Amino acid sequence: MEKVLLKNLGKPNSHKIDTYIQGGGYRAIQEALRHTPDTIIQMVKDSGLRGRGGAGFSTGLKWSFIPKDPTVPKFLCCNADEGEPGTFKDRGIIDNDPHLLLEGMMIASYAIGANTAYIYIRGEFAFGARRLEEAIKEAYERGYLGRNIFGSDFSLDIHVHRGWGAYICGEETALLESIEGYRGQPRIKPPFPAISGLYGKPTVINNVETLSCLPAIVLKGPKWFASIGPEKSPGPKIYCVSGHVKRPGLYELPMGTSARELIYEHCGGIRDDRRLKAVIPGGVSAPMLSADEVDTPLDFDSLAAKKSMLGSGAVIVMDETTCMVKVAYIILRFFSHESCGKCTPCREGTIWLTKILKRIEYGEGRTGDVELLESLCSNIFGRTFCPLGDGAVMALRGVLKHFRDEFVYHVENKRCMV
Amino acid sequence: MLPERLREEIRAVEKRYSTKRSAVMEALRIVQREKGYIEKEDMEEIACMLGMRPVSVNEVTAFYTMYNIQPVGRYHIQVCRNISCSLLGAEHLISYMERLLNIKVGETTQDGKFTLSTVECLGSCGTAPMMQINDTYYENLTEERIEEILKGLE
Ligand SMILES: Cc1cc2nc3c(=O)[nH]c(=O)nc-3n(C[C@H](O)[C@H](O)[C@H](O)COP(=O)(O)O)c2cc1C
Ligand code: FES
């Protein structure tokens, strides 16, 4: 498959506007401006593009919910909060090819009628934020941003907004709160951001990778995009592979590549040729797959059929030496740390789960602790304000589903079985 | 009072948004960049500039973990302890650094040079284990590399 998202990675000066233009950059936005916004929305619908931020919602459909009234200001927010542990793809694009993202944002803004767009980037990505600011400056200098871009009657300003260390701000309504200058706590939906988003105005929130697919869709056409990977979740996908593989990193492959192909062909197999134990297929919120599920295609629907999810495309590989109690503890500690504190089941529940996992991990587990974990899960799941609490529960349930005996062993023997 | 230069920078940030309040995060960041940490008076001044109540600025400062409300060492070492880094030995490196610097996580060395913290995933999992010192990422860490990196910091 010809790469479109990571094609410029590793090129010298890949972040400069001239390099981007020499590689055919900023042609897609000019092409898009020759069509009506509705034509672009239809194109994106036809391409079958589904959001790469986690939920896999149809991008074209999301855009079509934006009211058409030209007198109402609209906003585009690019979600570059990239906080799901295991994920580092958006950073790959931003650091190496910021203009790809900017061009994608121009296309999206034109399609939904937004004249102001924000990039919400996590604060730790200081290098990436500077890259984006420099790229935006370059684009203004060429007249690619600002008033009447490329001689059209479309105007667009793009600003960088830095997050400052809060995973929850990746949740789209918490992200909006954060841009408005509040604590990053999710809002009740509905109303959905398409109707009432930033400053109460119609707003689209899209992930960096989603937006970066757009130039290729415009230039190569929706049919080309739809022909890659599975019919219902097509397109190129960046998999972020980490953990016990020989060659971790970013891999742009057709959506639906199996975990086996990814791990054994592209990443060179398991480190020290050990045996595979489990794979987390989509960031820590995604329930893990056991080694015998490794032929599962990594796409939205195939993973949903396995009661897991593609999430952010972060594939975390664990070999036979991995203690699953420790994995669960680290994951739940993360969620309790990042719970925004707004609702009790999530705030208190994740703290409890972490406490119990910690004592099991440190050989102080008590009889009945595993059952206690399970009952806490049932009391959290479905009762939280936003999906963070559900994510914590799904992750833990995923570990327990495959490796419950390890937890029991830990409790009974006060030590690990691996 | 913040220097006029910073006040100007903050006023320029306000222009990016529909409300002044949206500039609060960036204003706090600017103060922290200049002073290393944020004090009550800074929050009050920002509140005044942005037409906010001081308590609202305080809420923002308290919510976002990257704001320092206390001085930190000249070099703030933040080691990732999340899953991908842990799979490749992060805990081991954290205790190595505690021994090397003779402090515990959360502490600052006597000379005020280093503060050691642990953090959650920094989006660098493919080059784990990793840490961030001030703005810079250091990846594919080993004990030897850490020693070299710390020695290289004045
Ligand atoms: C707790 C939580 C954290 C999230 N973090 C991110 C994130 O870091 N980046 C992201 O793009 N989407 C994240 N999302 C998903 C967003 O809410 C939203 O669905 C997404 O940005 C939409 O973009 P897309 O349609 O292009 O996928 C998160 C969701 C939740 C519930
Ligand atoms: S887990 Fe350490 S950088 Fe992601």
TODO: Classify region A:280-359 as rounded, prolate or oblate, taking a ≥ b ≥ c as the square roots of the eigenvalues of its Cα gyration tensor: rounded when a/c is under 1.5, otherwise prolate if a/b is larger than b/c and oblate if not.
DONE: oblate
Open item on the list: Under 8 Å for C-alpha pairs, at least 6 residues apart: give me the relative contact order for region B:4-63, rounded to a whole percent.
Closed with: 27 percent
- [ ] Mind checking the per residue accessible area of region A:167-208 for me, 1.4 Å probe, whole number of Å²?
- [x] 31 Å²
Open item on the list: How large is log10 of I(q)/I(0) for region A:67-183 at q = 0.09, 0.15, 0.23 Å⁻¹ when the intensity is taken from the Debye formula with one equal scatterer per alpha-carbon?
Closed with: -0.24, -0.67, -1.34
- [ ] Summarise the long-distance tail of P(r) for region A:270-413 by giving the % of C-alpha pairs beyond 23 Å.
- [x] 34 percent
TODO: Please report the relative contact order for chain A, taking Cα pairs under 8 Å with a sequence separation of at least 6, and give it as a percent rounded to a whole number.
DONE: 16 percent
- [ ] Roll a 1.4 Å probe over the protein chains and send me the accessible area per residue for region A:324-413 in Å².
- [x] 42 Å²
Task: Along chain A, longest interval not containing exposed GluC sites (Glu not before Pro), exposed being DSSP loop plus at most 10 other Cβ atoms within 10 Å - done: A:3-230
TODO: Provide the buried accessible surface between chains B and A in square angstrom, both chains summed, 1.4 Å probe, rounded to the nearest 100.
DONE: 3800 Å²
Task: Two-decimal Rg to Rh for region A:236-319 - Kirkwood Rh, Cα set - done: 0.91
Task: Between helix B:54-63 and chain B: long-axis angle, C-alpha atoms, 0 to 90°, nearest 10 - done: 20 degrees
Task: Free-standing Cys residues across chain B, given no other cysteine C-beta under 4.7 angstrom - done: B:C48, B:C121, B:C125
Task: Rounded D (µm²/s) - region A:92-158, Kirkwood Rh over Cα pairs, Stokes-Einstein at 37 °C, 0.692 mPa s - done: 269 µm²/s
Task: Convex hull volume per residue in cubic angstrom - Cα atoms of the protein assembly as shown - done: 151 Å³
Task: Compactness relative to 2.2 N^0.38 Å, alpha carbon Rg of chain B - done: 1.20
Task: Helix-derived mean residue ellipticity, 222 nm - over chain A, DSSP H n ≥ 4, -39500 (n - 2.57), to 500 - done: -12500 deg cm²/dmol
TODO: Summarise the long-distance tail of P(r) for region B:4-63 by giving the % of C-alpha pairs beyond 20 Å.
DONE: 14 percent
- [ ] Starting from the Cα gyration tensor of region B:75-152, multiply each eigenvalue by 5, take the square root, and state the resulting semi-axes largest first in whole Å.
- [x] 19, 12, 12
Task: DSSP-assigned coil residues among trypsin sites (Lys or Arg not before Pro) in region A:1-58, each with at most 15 further Cβ atoms within 10 Å - done: A:K3, A:R27, A:R34
Open item on the list: I want to check a number: in region A:17-226, how many lysine pairs have alpha carbons closer than 21 Å, given a sequence separation of 8 or more or different chains?
Closed with: 13
- [ ] Keeping every protein chain in place, order A:F300, A:F57 by accessible area at 1.4 Å, biggest value first, i.e. largest first.
- [x] A:F57, A:F300
Task: Nearest-ten-degree value, helix A:369-380 long axis tilted from longest Cα axis of chain A - done: 30 degrees
Open item on the list: Only bridges whose two residues both fall in the protein assembly as shown count here: according to DSSP, what percent of them are antiparallel, nearest 5?
Closed with: 45 percent
- [ ] On a 0 to 90° scale, report how tilted helix A:37-47 is relative to the longest principal axis of chain A, with both axes built from alpha carbons and the result rounded to the nearest 10.
- [x] 40 degrees
TODO: Whole Å is fine, so just give me how far the alpha carbon centre of region A:184-224 lies from that of region B:40-104.
DONE: 31 Å
Task: Accessible-area composition of the protein assembly as shown, carbon plus sulfur, in percent [1.4 Å probe] - done: 50 percent
- [ ] Before rounding to the nearest 500, sum -39500 (n - 2.57) across all DSSP H runs of length at least 4 in chain B and divide by the residue total; then give [θ] at 222 nm in deg cm²/dmol.
- [x] -13500 deg cm²/dmol
TODO: Name the shape class, rounded, prolate or oblate, that the alpha-carbon gyration tensor gives for region A:17-226, where a ≥ b ≥ c are the square roots of its eigenvalues, rounded holds for a/c under 1.5, and otherwise prolate holds if a/b is larger than b/c and oblate otherwise.
DONE: rounded
Task: Alpha-carbon centroid distance for the pair region A:253-278 / region A:324-402, whole angstrom - done: 28 Å
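The values are calculated or read from the model by the stated rules, or taken from the named source; none is laboratory data. Remember, it's a predicted structure, so these values are computed and weren't measured experimentally. Quick reminder, even Gly has a Cβ in these numbers, built from the backbone with ideal geometry, and neighbours come from all protein chains shown. Only protein heavy atoms, including side chains, enter the accessible area calculation; ligands, DNA and RNA are left aside. Shrake-Rupley method; radii C 1.70, N 1.55, O 1.52, S 1.80 Å.
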